[in-house]
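Novice: Structure incoming, see below.
The values are calculated or read from the model by the stated rules, or taken from the named source; none is laboratory data. Source: prediction; values computed, not measured. Here the Cβ positions follow ideal geometry from the backbone for every residue, glycine too, while neighbour counts run over all protein chains shown. Protein only, heavy atoms only, side chains kept; ligands, DNA and RNA dropped before computing areas. Shrake-Rupley method; radii C 1.70, N 1.55, O 1.52, S 1.80 Å.
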Amino acid sequence: MVAVIGWDIGGAHLKAARIESGEGGSGEVVAARQAPAPLWLGLARLETAIAAMRRELGPAERHAVTMTGELADIFPDRGAGVRAIAALITAALAPAPVMFYAGRAGFVAAAAGHEGAIASANWHASASLAARAHPAALFADCGSTTTDLIPILAGGVAARGETDGERLATGELVYTGLTRSFVMALAERVPFDGVWTPLAAEHFATSADLYRILGELDEADDQLPAADGREKTVAASIARLARMLGRDAGAASREAWRDLAAFLAEAQLRRIHDAALLVLSRCPLPAAAPVITAGVGEALTRRLAARLGRGCQPLFADRAAAAHAPAAAVGLLLSQMEE
């Protein structure tokens, strides 16, 4: 049995997936994990998370790494972030060899000289894996913070953008996700108590609060503190949402706050839908091409598929692998490359 561990190092979370392959067999995801690792609080948080994850997942012959954490504001620029993260994880996983995913260039053994290709390439790993099974599709991965919308044509990744900046401009990257999106970024105003009410431009509540109020949140997917640092209950989420309107929770019924949460969840889905329509306007897909879903926000991308009138298929049947898709994908790609 040969083991590869795939690592996805984000700005807020560390994700890892263990891939095992028997002699002559294809790799299989046998475990996938996520841990909070807020890089804005320093690299020590990441180092601690890697050590704990390594103990939990066990040893491996090789490691495959992808990242988005280089965008964290503790680094002066993205290149410096890539180099710092690469140096840390290489040392943490020694003596096992570490390979870095560099998008269209594939895997490289060292980050130096490949910083631009390694930076935020995790979407390409997942989309490349999806393209091996689906020659034409829209790959949609909704994570805690962002959503990737990647067209697949002729069995290949047909994205126009490469960098985060390019992908934001093309609709292939939408900065909205299941748990970490600021509510103030979802809408400028909301219908409440019969009038349109502007939202406060304050970090009082997140999208996790919305889905908790709606009863649609798996608490295991919300690993970082709430916006106010208080408990994660429906009542506390309503109190946080009420502050967005300059009110207290007692100012309205629980049903009214639920309706407001539903409006904001709909506004978030509309943003994703609009971006998907932009992507598809450039890269029309056959009517039979499905939406391939992944991420902790897979429920949102299933709704997107319904709005687009397309079939829907998960990238991974196992929810843990789906929730940590880039880590599982980069591990599988390296495992398959070595067969």
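Novice: Can you give the local net charge around residue 214? Use residues other than it whose beta-carbon is closer than 13 angstrom to its beta-carbon, Lys and Arg +1, Asp and Glu -1.
Specialist: Summing Lys and Arg as +1 and Asp and Glu as -1 gives -2.
Novice: Decide, for the range 263-307, between rounded, prolate and oblate: order the square roots of the alpha carbon gyration tensor eigenvalues as a ≥ b ≥ c, take rounded if a/c falls under 1.5, and otherwise choose prolate if a/b is larger than b/c, else oblate.
Specialist: Numbers: a/c = 2.33, a/b = 1.40, b/c = 1.66.
In terms of gyration-tensor shape, oblate.
Novice: Enumerate the whole-percent occupancy of each 5 Å bin, from 0 to the last occupied one, for all C-alpha pair distances of the range 116-258.
Specialist: 2, 9, 16, 17, 14, 12, 11, 9, 6, 3, 1, 0
Novice: Given the range 17-98, report the % of alpha carbon pairs whose separation exceeds 15 Å. Can you show the working numbers first?
Specialist: Working: 2045 of 3321 pairs.
Everything past 15 Å amounts to 62 percent.
Novice: Shifting gears a bit: Taking a ≥ b ≥ c as the square roots of the Cα gyration tensor eigenvalues, with a/c under 1.5 meaning rounded and otherwise prolate when a/b beats b/c, else oblate, which class fits the range 222-339?
Specialist: Values: a/c = 3.14, a/b = 1.63, b/c = 1.93.
In terms of gyration-tensor shape, oblate.
Novice: Taking only protein heavy atoms and a 1.4 Å probe, what accessible area per residue, in Å², does the range 277-339 have with all protein chains in place?
Specialist: 39
Novice: For the chain, take the longest principal axis of its alpha carbons; what is the angle in degrees between that and the long axis of helix 122-133, to the nearest 10 within 0 to 90?
Specialist: 70
Novice: Also: Mind giving me the nanometre distance, one decimal, between the label points for residue 235 and residue 189, set 7 Å out from Cα along Cα→Cβ?
Specialist: If labels sit at residue 235 and residue 189, their model points lie 3.4 nm apart.
Novice: How high is the FRET efficiency between residue 47 and residue 313 when r is their beta carbon distance and R₀ equals 35 Å, given to the nearest 0.05?
Specialist: Computed FRET efficiency for residue 47 and residue 313 comes out at 0.40.
Novice: Distances over 29 Å make up what percent of all Cα-Cα pairs in the chain?
Specialist: Of all Cα-Cα distances in the chain, 39 percent exceed 29 Å.
Novice: With the radius of gyration and the Kirkwood radius both derived from the Cα set of the range 1-41, what is their ratio Rg to Rh?
Specialist: Radius of gyration over Kirkwood radius for the range 1-41 works out to 1.16.
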